[in-house]
């Protein structure tokens, strides 16, 4: 099938995607790199020029940056742990022959289709609100003071909301992997007297390794860029308590109108994503080889 | 690995599974219930359920009194437009990579996926400035372009994994039977590729509909889709819970239905074929 002319035709067919993605990636990245070394504030348009690493130094000297870095990693790590652990448990549960399994799956998958601003606003207003939220009602029912979720525990609240959104994704993928496990293997182990835990530890978990790896890799890509949930609920506050790196860069660009600094932050975010990707691939890459 | 259970254990697991599923779904359910309450009933403490006063007015109000229909239409145009444009560009590419693979095809696919690793904030500023110069800020065309580019790697990957499963021998058999290229495309390839293209389309409409970074950054009012509208719904302080819920319900309902239809294909699409 691969004659010379068909190869040429194939290249022509691939070219538009490659060119578009190259432009999409390289042009903005080059511009961001350029701006990151410039003095460029929209509020003082007369002053321009090269500033060397000043914008980067500002970030590294800012306590907010280290907090934002910590928050970003806490968000990714926290949501990963919650969704993978709960996802495994729920997948094990739903995989049992229960009545109405099809409808169950529909209920469980639903949060994944809820757009981030809606998810955030449901939790913020209907559940976490200190006067009108359902959690406040429950607290009052027990005679306790309502918890000020978004004021006192903003990062935990955001982690909770994002976990709710991503739990269905983890559950669905782990469930799919679980359903391809043959029951004979489990039954054989059962007859050999393996305990439920041993069956899980030595048969079920190894079978799910690949699916768990995929969940971690894909969720990390999306979690590093979480934005809408924070924008809708805490706006990064109180203070900078729930500001992540993407949100901090957004604030520098939109509120402070400091293009140079925001660009430097963008480059730092790229470096961070690469570091995370490197460690993920090193730690998990071999799980993906068949 | 479903296995037979004793009746008693079956009852317990059924109850447990249903409880967990209902807890996960509850926030959506509560939002939908709230959207049918009057504003006073929506914020009543303790929360009202059986004693609540129900109404359909919130939906009518949201639809008639705000610019809701425009936000809704913007969402449709942006999600469907970016998906169709992405498909037009991706189908030939995925097709070529699946049926005429070269030595570098795998590397090329990995590189395309790696563009997804780039944080959106890193390209936000140049894109904003470029859009400003081209007059694309707050336009549907601008968002269609950005969301298409953002999801293009996913579209190509999904299509590639689907096309890969069409056996090449079928083409050869058709050719032996004397089918010309046109007949081959119309009668053999298209029917086999359509289900894959359809699920790719569904998943990408869902992703584009729910996008909430570029829609917030690149729009103000004119081209804002539902995700930007809900995000900027100013802190209601208990005054507009029912209306906010109605607006939210209408924003997620189309996608919830599409999503439930496509859930079988979802795992495969979202894991780029790594989990089937």
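Some observations on this one:
- Number of residues in region B:219-249 that are surrounded by fewer than 23 Cβ atoms within 10 Å (Cβ to Cβ) and modelled with pLDDT of 90 or more: the value is 1.
- Evaluated against (1) surrounded by fewer than 23 Cβ atoms within 10 Å (Cβ to Cβ); (2) in contact with a helix residue (DSSP H, G or I) (Cβ under 9 Å, 6 or more places away or on another chain); (3) outside any helix (DSSP H, G or I), residue A:193 falls short on exactly one condition, (2).
- Being at pLDDT 85 or above, over 22 Å from the mean Cα position of the chain (by Cα) and over 16 Å from residue A:265 (Cβ atoms) holds for only one residue in A:19, A:79, and it is A:19.
- Against the list (1) closer than 28 Å to residue B:107 by Cα; (2) modelled with pLDDT of 85 or more; (3) loosely packed, with under 15 Cβ neighbours inside 10 Å, the condition residue B:203 fails is (3).
- Wholly enclosed helices (runs of 4 or more DSSP H) of region B:1-98 bearing at least 1 residues touching a residue at least 24 places away in the same chain (Cβ under 8 Å), within 9 Å of chain A (Cβ to nearest Cβ) and crowded, with 19+ Cβ neighbours inside 10 Å: B:7-35, B:39-43
- The set of residues in region B:108-135 that are crowded, with 19+ Cβ neighbours inside 10 Å and more than 9 Å from chain A (Cβ to nearest Cβ) comprises B:109, B:131.
- Scanning region A:217-239 for residues that are farther than 18 Å from residue B:230 by Cα, more than 7 Å from chain B (Cβ to nearest Cβ) and at pLDDT below 85 returns A:237, A:239.
- Candidates A:31, A:1: the one that is within 9 Å of chain B (Cβ to nearest Cβ) and either at pLDDT below 85 or closer than 30 Å to residue A:177 by Cβ (or both) is A:1.
- Checked against the criterion of being surrounded by 14 or more Cβ atoms within 10 Å (Cβ to Cβ) and closer than 26 Å to residue A:71 by Cα, the candidates A:215, A:204 yield just one match: A:215.
- Filter pass, residue B:196 being more than 7 Å from every other protein chain (Cβ to nearest Cβ), modelled with pLDDT under 80 and touching a helix residue (DSSP H, G or I) at 6+ places or on another chain (Cβ under 7 Å): no
- Scanning region B:139-178 for residues that are more than 20 Å from residue A:14 (Cα to Cα) and within 21 Å of the chain's Cα centre (by Cα) returns B:139, B:140, B:141, B:142, B:143, B:144.
- The residue of region A:241-269 that is modelled with the lowest pLDDT, among those that are surrounded by fewer than 19 Cβ atoms within 10 Å (Cβ to Cβ) and either part of a helix (DSSP H, G or I) or away from chain B (no Cβ under 12 Å) (or both), is A:256.
- Any hit, region B:213-236, residues being more than 10 Å from chain A (Cβ to nearest Cβ), more than 19 Å from the chain's Cα centre (by Cα) and in a helix (DSSP H, G or I): no
The values are calculated or read from the model by the stated rules, or taken from the named source; none is laboratory data. This one's a predicted model, so the numbers in the text were calculated from it and none came from an experiment. Glycine also receives a Cβ, built like all others from the backbone with ideal geometry; neighbour counts cover every protein chain displayed.
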